[in-house]
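Quick notes on the structure that follows.
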Amino acid sequence: MTQADPVALARDLLRCPSVTPAEGGALAFMENVLKGAGFTVHRVTFEEPGTDPIENLYARIGTEMPHLMFAGHTDVVPPGPEANWSHPPFASEIANGILYGRGAVDMKGSIACKMAAVLDYLAENGGTPKGSISFLITGDEESIAVNGTIKLLKWCAERGETFSHAILGEPTNPAKLGDMIKIGRRGSQNGTLVVTGTQGHVAYPELADNPVRGITAIMHAINAETLDAGTEHFGPSNLEFTSIDIGNKTVNLIPAEARARFNIRFNDIRTRAELREEVERRVAKAAGNSVRWHIDWEPSNSDVFLTAPGPFVAMISKVVAEVTGITPELSTTGGTSDARFIKDYCPVIEFGLMNGCAHKVDEHVATADLVALTAIYRRVLDRYFGS
Ligand SMILES: [Zn+2]
């Protein structure tokens, strides 16, 4: 029997207008609930030049290992014009068993489920876990993510905090609760290919050097071969050109420069450095001595990671199957998440609600799914701490 009500907790969280970088009352609400359950709660603000200060929360109960971390974010993306919503984005209305609001699935809903599961577990186990449970919650995930999880983890490490495992509550399921657990994420790298020529009149091409010829040949050569065939848990690494920028409005003018932006999503047999070398090798070969080029590589903190299937992943997988009747796919698809930072401190998996309506108008969640996800987290706590 679940005593704490995940639907009530979710409704309270959804009423907080916590559009990044605003705290919106969401962390204050969590602090209140978790303090009431015996957690030691820290509210930590991080900032750096040129960014908004962002509030974060770290709460722990217990002093022993193992230490299970529930990670997540309370910030949400802007709702857009309220008139487009059939229920106002921060009104937290329920209609026909569906709870509406910005953050319903991404990811206040799953945070509410985690809190409800933990409150219930503590109530049934004399108020303390057989180990430690923590909440590591940021208000900076949806934007540039520099004053959030990455800094909060470092702050924890400096205080001597160590973690055994983490569950991040991002929405992971494509269609039904139970579809998918994320056990890794691809790495990401942006770059801009720049080809320099010599400006001139189209009627006198021998007096100019057209960079458009060079850049199209190089782009073709880069994409002529795949980067790799994929690995056991990942699809193939992929380079996708996303924009070609010349900006030449004059039809009889050969431009001086052409640029092409691209993004690489890479799997667990590649490293950032080695991928850069491979792309530059392909460009050099296609360019020969006749095309002048360089690549501007953007700094990135999106590394590939994999939490290899083992007892922790198997236990969660089994619990999901028991509660939902669906054996979840173990996936590494999708964009980056804060798991890319957590993986440096402990093994991390992601399991939450459905991702179909995340960031959309009328974001919503079935209250039945909140109850089911709470049951999953609740059972995970029993198995993890060996009740
Ligand atoms: Zn999210």
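The numbers here are math on the coordinates, done by the rules we state, and not lab data. Computed from a predicted structure; not experimentally measured. All Cβ positions, even for glycine, are placed from backbone atoms using ideal geometry, and neighbour counts span all protein chains on display.
In vacuo Debye scattering of the range 145-253, one point per C-alpha: log10 I(q)/I(0) at q = 0.18, 0.20, 0.22, 0.24 Å⁻¹?
Debye output, listed in q order: -1.08, -1.18, -1.26, -1.33.
Which three numbers, in whole Å and largest first, are the semi-axes of the equivalent ellipsoid of the chain derived from its Cα gyration tensor as √(5λ)?
45, 23, 19
To check you understand DSSP bridge types, tell me what percent of the beta bridges within the chain (both residues inside) are antiparallel, rounded to 5. Present the calculation step by step, with values, prior to reporting the outcome.
Working: 47 of 66 bridges.
Of those bridges, close to 70 percent are antiparallel.
Once you place label points 7 Å from the Cα toward the Cβ at S290 and T51, how far apart are they in nm?
Placing both labels 7 Å along Cα→Cβ, they lie 4.6 nm apart.
Describe numerically, in nm with one decimal, the distance between label points set 7 Å from Cα along Cα→Cβ at N248 and at T196.
Using points 7 Å along Cα→Cβ, the separation is 1.7 nm.
What is the helix-to-structure angle for 272-287, meaning the angle in degrees between its Cα long axis and the longest Cα principal axis of the chain, kept from 0 to 90 and rounded to the nearest 10?
Compared with the principal axis, the helix lies near 20 degrees.
Cross-link partners among aspartates and glutamates for K285, C-alpha distance below 17 Å, same-chain residues fewer than 8 apart left out?
Cα-Cα hits under 17 Å: E225, E274, E277.
Which lysines does K154 reach when only Cα atoms under 16 Å apart count, and residues fewer than 8 places away in its own chain are ignored?
Output for K154: K343.
I'd like the FRET efficiency for E225 and A22, computed as 1/(1 + (r/R0)^6) with the beta carbon distance as r and R0 of 41 Å, rounded to 0.05.
The formula returns an efficiency of 0.30 here.
Mind checking which lysines have their Cα closer than 22 Å to the Cα of K360? Skip sequence neighbours fewer than 8 apart in that chain.
Candidates past the 8-residue exclusion: K108, K176, K182.
Compute the helix-to-body angle for 26-36: its Cα long axis versus the longest principal axis of the chain, expressed 0 to 90° and rounded to tens.
Computed tilt is about 30 degrees.
Please list, by residue number, every one of the chymotrypsin sites (Phe, Trp or Tyr not before Pro) in the range 252-356 that is coil in DSSP and has at most 10 other beta-carbon atoms within 10 Å.
In loop regions of the range 252-356 (DSSP not H, G, I, E or B), there are no sparsely surrounded chymotrypsin sites (Phe, Trp or Tyr not before Pro).
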